[in-house]
Number of protein chains: 2
Amino acid sequence: MGKHSESPLPSRLKIARKTAGLSQEKLGIMAGLDESTASPRMNQYEKGVHAPDFRMVKTLSKILKVPTAYFYCEEDELAKIILTFKSKG
Amino acid sequence: MGKHSESPLPSRLKIARKTAGLSQEKLGIMAGLDESTASPRMNQYEKGVHAPDFRMVKTLSKILKVPTAYFYCEEDELAKIILTFKSKG
DNA sequence: TTACTAAGAAGGTCTTAGCCA
DNA sequence: TGGCTAAGACCTTCTTAGTAA
């Protein structure tokens, strides 16, 4: 267990990434990370070792097509509601 | 403008705090911060100078009675939906 | 190929000591 | 009283260099 395991971000990120059919490294590269750091950084986010800043979360939310609020939502029932939301962008 | 102004947290925190009728310092003390640091820390969060970690956001969400997802929600329309959500806790 | 980790480098937040409205 | 800020102390994340599944 990582030290940030109290945050819902790791598990929600994993679900959204798997739904998109991407590897940790591929997702990191798509988010603009260097090839040499994409894999460990995305892994650290997903394992809860480190927490990404909001700029990174915003980038990941665009790639994975989920609202930023999803990653920080503690309640599963509310998380489902958030996933049904489609912005007018 | 703070360096974290791309995050919705500062403005949403301000709204939730004002709705609860609390000063920045009072809210910080209620969240367990030392009296000597409560005021600058809460101000830095609200001005977007620094970002609180998730543990602090969780504590604030309980005091202010809003889901944690609210603080990270970019879309105003979705934010309203999140505020209507009541957990079964 | 994908997932994962330790440890030092790098960059962030927190505390202190105040001023401003 | 409440809101706010600079700057150094302190603590976190990011990069490197790999190993494990």
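Every number here is computed from the coordinates shown, using simple stated rules; none is lab data. Please read these numbers as outputs of a predicted model, since none were measured by experiment. Reconstructed Cβ throughout: ideal geometry from the backbone, glycine too, with neighbour counts over all protein chains shown.
Determine the alpha carbon to alpha carbon distance for each of A:LYS86/B:LYS18; A:LYS58/B:LYS26; B:LYS18/B:LYS47 and list only those over 21 Å.
Where the Cα-Cα span goes over 21 Å, the pairs concerned are A:LYS86/B:LYS18; A:LYS58/B:LYS26.
Based on DSSP H runs of at least 4 residues, each adding -39500 (n - 2.57), what is the mean residue ellipticity at 222 nm of chain A after dividing by all its residues, to the nearest 500 deg cm²/dmol?
Roughly -16500 deg cm²/dmol at 222 nm, from the helical runs in chain A.
Once the Cα atoms of helix A:38-47 and of chain A are each reduced to a long axis, what angle between those two axes, in degrees from 0 to 90 to the nearest 10, is obtained?
50
Does anyone have the angle between helix A:54-64 and the longest principal axis of chain A? Alpha-carbon axes, 0 to 90°, nearest 10?
Once rounded, the angle reads 70 degrees.
Got the B:THR84 label distances to the other copies yet, label 7 Å along Cα→Cβ, in nm, shortest first?
Listed shortest first, these distances are 1.1 nm.
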